[in-house]
Structures are given as C-alpha cells and as structure tokens.
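Take a look at the structure set out below.
The values are calculated or read from the model by the stated rules, or taken from the named source; none is laboratory data. Keep in mind it's a predicted model, so treat the numbers as computed, not measured. Note that we place each Cβ from the backbone using ideal geometry, even for glycine, and neighbour counts take in every protein chain shown.
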Amino acid sequence: MTSAAGSEPVPVFMPTVETNESLTADSALLKRNYECKIYKRRWPILALFVLYSTSNAFQWIQYSIINNIIVRYYNVTAFSVDWTSMIYMVLYIPLIFPAAWILDKKGLRWAVLLGSFGTMVGSWVKVGSLAPDPDRFLVTFAGQTITAASQIFILGIPPKLAAVWFGPNQVSSACAIGVFGNQLGCALGFLIPPWIVRNSINLADNTRDLSIMFYGQAAITTILFITIVFVFQDKPPLPPSPAQAALREAEEEHYLRSIVRLLKNRHYVLLLVTYGMNVGVFYALSTLLNQVVLIYYPSAEKDAGRIGLVIVLAGMLGSVVCGIILDKTHRFKGTTLAVYVLSVGGMIAYTFTLPVGYISVVYVTAGLLGFFMTGYLPVGFEFAAEITYPESEGTSSGLLNASAQFFGIIFTIADGKLLKA
C-alpha cells in the first residue's frame with residue numbers, strides 16, 4: 001500500500017484497498033490513482049512534538065503538587081492555587097474551537113508554532129513572580145494563563161500528526177507516542193517541583209528554589225520554540241496512505257458543519273460524555289493530590305509527587321500497550337469497554353487504600369489506576385477518529401478534550417469542597 005521509507009513513491013489504486021477509510025471516502029476520489037510514501041523524517045517531527053507537549057504539560061500541575069508551599073509563599077488560599085490547574089481546563093473549552101479551526105485550515109506547523117510560542121512567553125512571565133507577595137501570585141497566574149491558553153495547540157495534535165505523517169499500521173502507535181508527551185510532562189510536573197522547592201519556612205529558600213524551576217523551564221521552552229521554527233514541518237510532500245491522499249483532494253467544507261455532523265453522531269456523543277468523565281476524574285485527582293495525600297500522611301509532599309509520578313508513568317505504559325493492541329486488533333469498542341471497567345476497579349482500590357496507613361500500598365493502587373485511566377487517552381482519540389471518519393481528527397479529538405476539561409472543572413470544584421467539609 002505504501003513504499004518503505006526512503007524508497008521511490010509507489011502509485012496506489014484506491015479501489016483495491018479494503019479499509020474503513022477507503023470505503024467511506026468520496027466515490028469520485030476512489031477512482032483516482034495516488035502516490036503514497038512514508039518518510040523517515042516523521043520520527044523527528046513526532047519527537048519534537050513530544051518534547052514541546054512535555055514542556056507545557058509540566059507547568060499544568062507544578063503549583064498544585066506543592067499546594068501547601070505555594071499557599072504559604074504567596075499568602076493565598078489553597079483554592080487560589082487549585083485555579084492554576086483549573087485555568088487549563090477553563091480556557092480550553094472556549095478556545096478549542098478557534099484552535100481546531102487553525103489546525104484544520106492552517107495546518108500542523110502553524111498550530112505547533114503558536115502553542116510553543118505561547119508556552120515560552122508564559123514561562124518567562126513566571127520569572128517575574130519571584131517574591132513572597134500576593135500581588136506576585138497574580139503575575140505567576142498570568143504566566144500560567146498564557147501557558148494554559150497555549151495548551152489548546154497540543155491536546156488535539158496527536159491524532160492529526162499521526163494520520164498526516166504515519167502509515168495505516170503505525171497510526172495508533174504514533175498517536176499513543178504523541179499523547180506520551182503530555183503524560184511525560186505531567187509525570188515531571190508531579191516529580192520535579194517537590195524535589196526542587198523545599199518545604200521550608202524560610203521564604204528566601206522558597207524564592208531560590210522557585211527561581212531554579214522558573215528559569216529552567218523558561219530556557220527549555222525557548223530552545224524548543226527556536227528548534228520548532230527551523231525543523232517542524234506541516235506535512236510530507238506525499239501522503240502516507242490512500243485515505244490521506246483522498247482527504248487532501250476532498251472539497252474543503254465549512255468547519256461548523258463538521259462540528260454539527262459530529263454532534264449528530266450518536267456513537268460519538270456517547271464517547272464524548274464517557275471520555276470526558278473518565279479523563280475529568282484524572283484531572284481532579286491530579287489537581288487535589290497534594291491536599292488528599294497530606295490529609296492521611298502529613299508532611300508527605302514528596303510522596304504526593306511520587307504517587308502522581310507513578311500514576312502517570314503507569315498511564316504511559318498503558319497508552320503504549322493500548323496503542324499496540326489497537327494496531328494489531330482494531331477492536332476499538334472492546335478495548336474501550338475493558339479499560340472503563342478496569343478504571344472503575346482501580347479507582348475503588350485507590351480510594352479504599354488511602355486511609356489504611358500504609359503509603360506503599362497507595363503507590364501500588366495508584367499505579368493500577370493510572371495504567372487504565374490515563375492509558376485510555378490515545379484509545380479515545382483513535383476510537384473517535386474511527387467512528388467519525390472522514391471528519392477531521394483535530395476536530396473530533398478537540399471536542400473530546402473539551403468534554404474532559406468540562407468534567408474536570410466540575411469534579412475538581414466538587415471534590416475540593418468535600419475536602420474542606
């Protein structure tokens with residue numbers, strides 16, 4: 001169907017390809033001959049996106065995981081610190097629609113450039129917040145708001161990048177690797193802040209520790225932005241699959257019509273709600289992890305960070321495993337149902353082991369929960385792309401993420417009130 005990397009393009013006759021994509025493509029396009037080629041450069045493109053995604057996701061949880069320290073340093077409430085995480089969720093919902101439009105109409109390169117630029121700017125704004133003053137919290141929150149707005153150019157990218165650059169037998173795995181970047185950033189966001197920022201009553205120590213974190217992330221995001229400017233490409237000269245070739249030739253349709261069709265798709269709407277609830281629970285759990293762990297295990301800030309790390313690392317493994325399973329079996333519904341059931345089991349185990357007094361047990365149950373709950377991220381993206389083809393992957397995944405942010409806000413606020421009850 002496609003030629004090997006580095007070889008000459010091979011013409012492909014569309015009617016001979018028996019895939020769901022080809023069967024649903026426009027009939028006029030099916031009669032065309034297409035040249036398809038898989039390029040070696042797809043891997044550096046994917047790797048660069050993973051690093052960029054990591055740099056943004058790291059900042060999502062960097063305040064919440066040291067909530068008690070940030071509260072004391074800036075003299076603000078714990079709920080104010082919770083908002084440094086929730087602002088990612090709040091901004092995503094209204095901004096995903098213009099972001100998805102940019103992704104569909106302007107392409108991957110423009111979307112990634114805008115996102116990486118915003119992440120860099122937000123990181124440098126935070127450098128200006130290094131003083132123990134409530135007014136400086138407004139500065140750090142402004143920087144967090146900019147990086148949160150930039151996130152809209154990340155979460156919907158993996159399925160689009162995978163479809164545009166990778167062949168049919170690698171799409172699910174490539175999507176899982178793309179999601180891996182976001183998970184890696186979350187993992188580092190759980191791990192690094194508690195290690196760098198000590199729980200010291202000396203505010204000068206806190207300032208020194210925060211400066212290391214803020215300047216470090218600003219330097220890294222700057223290097224990544226410059227690299228993306230010169231290296232990241234929008235799409236390969238030739239498409240990687242006949243289905244992508246057909247989509248390139250298809251008539252451009254109005255963006256809002258695509259959204260309307262998606263919302264009329266009953267199967268997609270069911271996925272939209274269930275995906276949002278599953279991932280929304282993860283967002284709430286992550287945001288409140290420091291506060292929850294400290295209730296049962298006082299002075300265990302580093303343990304809270306490591307538990308978060310275990311959740312995300314297990315989720316990375318789960319993402320890769322699920323991606324491989326989908327590439328081999330293409331059983332989207334069966335895989336989804338299995339992951340849902342196991343996520344519920346993991347959540348029950350985690351909930352009932354928290355108060356037992358043995359934090360080592362919490363590590364184990366948190367890992368089981370993370371494997372299934374966060375391992376579901378690429379499964380949801382690929383399932384959505386499967387049941388909505390030929391709609392844009394960027395649009396379908398964008399709405400999934402908007403649903404997750406919506407439920408994440410609700411669960412975080414509700415759970416936060418329960419913690420204070």
If you take the residues of segment 355-391 that are modelled with pLDDT of 85 or more and either among the hydroxyl-bearing types (Ser, Thr, Tyr) or in contact with a Lys or Arg (Cβ under 6 Å, 6 or more places away or on another chain) (or both), which of them is farthest from residue 275 (Cα to Cα)? 358
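The rows are residues; the columns are (1) buried (at least 17 other Cβ atoms within 10 Å of the Cβ); (2) farther than 18 Å from residue 151 by Cα; (3) at pLDDT below 95; (4) out of contact with any Phe, Trp or Tyr (no Cβ under 7 Å at 6 or more places or on another chain).
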{"site": "34", "(1), (2), (3), (4)": "yes, yes, yes, yes"}
{"site": "37", "(1), (2), (3), (4)": "yes, yes, yes, yes"}
{"site": "86", "(1), (2), (3), (4)": "yes, no, yes, yes"}
{"site": "89", "(1), (2), (3), (4)": "yes, no, yes, no"}
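Can we say residue 102 is crowded, with 24+ Cβ neighbours inside 10 Å, β-branched (Val, Ile, Thr), part of a helix (DSSP H, G or I) and touching a helix residue (DSSP H, G or I) at 6+ places or on another chain (Cβ under 8 Å)? So that I can check it myself, show each step before the final result.
Working: crowded, with 24+ Cβ neighbours inside 10 Å: no; β-branched (Val, Ile, Thr): yes; part of a helix (DSSP H, G or I): yes; touching a helix residue (DSSP H, G or I) at 6+ places or on another chain (Cβ under 8 Å): yes.
Spelling it out, it is not the case that residue 102 is crowded, with 24+ Cβ neighbours inside 10 Å, β-branched (Val, Ile, Thr), part of a helix (DSSP H, G or I) and touching a helix residue (DSSP H, G or I) at 6+ places or on another chain (Cβ under 8 Å).
Condition check: at pLDDT 90 or above, part of a helix (DSSP H, G or I) and not polar (S, T, N, Q). Does residue 247 satisfy that?
Details: at pLDDT 90 or above: no; part of a helix (DSSP H, G or I): yes; not polar (S, T, N, Q): yes.
No, not satisfied.
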Examine segment 353-365 for a residue that is part of a helix (DSSP H, G or I) and under 16 Å from residue 271 (Cα atoms), and state whether such a residue exists. no
Is segment 382-405 home to any residue that is within 15 Å of residue 289 (Cα to Cα) and either touching a Phe, Trp or Tyr at 6+ places or on another chain (Cβ under 8 Å) or touching a residue at least 12 places away in the same chain (Cβ under 8 Å) (or both)? no
Which pairs turn up if I take residues in segment 187-200 that are free of Cβ contacts under 8 Å to residues at least 24 places away in the same chain and on the phi > 0 side of the Ramachandran plot and look for partners that are among the polar types (S, T, N, Q) and crowded, with 24+ Cβ neighbours inside 10 Å with beta carbon separation below 8 Å, at least 6 apart in sequence or on another chain? none
Among the candidates 327, 303, which residue alone is modelled with pLDDT of 80 or more and of a type in the set (Asp, Glu)? 303
Among the residues of segment 121-160, which ones are more than 18 Å from residue 92 (Cα to Cα), among the small types (Gly, Ala, Ser) and in contact (Cβ under 8 Å) with a residue 40 or more places away in the chain? 123, 129, 131
Any residue at all in segment 200-219 that is at pLDDT 80 or above and within 30 Å of residue 389 (Cα to Cα)? no
Would you mind telling me which numbered condition in (1) over 23 Å from residue 57 (Cα atoms); (2) crowded, with 17+ Cβ neighbours inside 10 Å residue 329 fails? (2)
Are there any pairs with C-beta distances below 7 angstrom linking a residue in segment 222-246 that is more than 17 Å from residue 47 (Cβ to Cβ) to a residue that is modelled with pLDDT under 65 and charged (D, E, K, R), with the two at least 6 apart or on different chains, and if so which? 239/248; 243/21; 246/26
The residue that is nearest to the chain's Cα centre (by Cα), considering only those in segment 354-390 that are surrounded by fewer than 21 Cβ atoms within 10 Å (Cβ to Cβ) and within 30 Å of residue 164 (Cα to Cα), is 386
Please find, within segment 59-96, the residue that is farthest from residue 409 (Cα to Cα) out of those that are assigned to a helix (DSSP H, G or I) and of a type in the set (Ser, Thr, Tyr). 73
Give the residues of segment 34-51 that are under 16 Å from residue 108 (Cα atoms) and either in contact (Cβ under 8 Å) with a residue 60 or more places away in the chain or in contact with a helix residue (DSSP H, G or I) (Cβ under 8 Å, 6 or more places away or on another chain) (or both), sorted by residue number. 41, 42, 44, 45, 46, 48, 49, 50, 51
Yes/no for residue 299 being without any contact (Cβ under 8 Å) to a residue 24 or more places away in the chain and either surrounded by 21 or more Cβ atoms within 10 Å (Cβ to Cβ) or hydroxyl-bearing (Ser, Thr, Tyr) (or both): no
Take residue 334 and tell me if it is free of Cβ contacts under 8 Å to residues at least 60 places away in the same chain, touching a helix residue (DSSP H, G or I) at 6+ places or on another chain (Cβ under 8 Å) and either part of a helix (DSSP H, G or I) or more than 27 Å from residue 194 (Cα to Cα) (or both). no
List the residue pairs whose Cβ atoms are under 7 Å apart, where the first residue sits in segment 61-75 and is surrounded by fewer than 24 Cβ atoms within 10 Å (Cβ to Cβ), the second is small (Gly, Ala, Ser), and the two are 6 or more positions apart or on different chains. 71/78
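Hey, among 410, 325, which residue is in a helix (DSSP H, G or I) and touching a residue at least 40 places away in the same chain (Cβ under 8 Å)? Outline the logic, then answer.
Details: 325 fails: touching a residue at least 40 places away in the same chain (Cβ under 8 Å).
Of the residues listed, the single one that is in a helix (DSSP H, G or I) and touching a residue at least 40 places away in the same chain (Cβ under 8 Å) is 410.
Does segment 99-107 include one or more residues that are touching a residue at least 60 places away in the same chain (Cβ under 8 Å), of a type outside the set (A, V, I, L, M, F, W, C) and within 18 Å of residue 186 (Cα to Cα)?
In the first step, residues of segment 99-107 are kept if they are touching a residue at least 60 places away in the same chain (Cβ under 8 Å); the result is 99-101, 103-105, 107.
Right, trim to of a type outside the set (A, V, I, L, M, F, W, C) and you get 104-105, 107.
Narrowing further to those that are within 18 Å of residue 186 (Cα to Cα): none.
Looking for residues that are touching a residue at least 60 places away in the same chain (Cβ under 8 Å), of a type outside the set (A, V, I, L, M, F, W, C) and within 18 Å of residue 186 (Cα to Cα), one finds none in segment 99-107, hence no.
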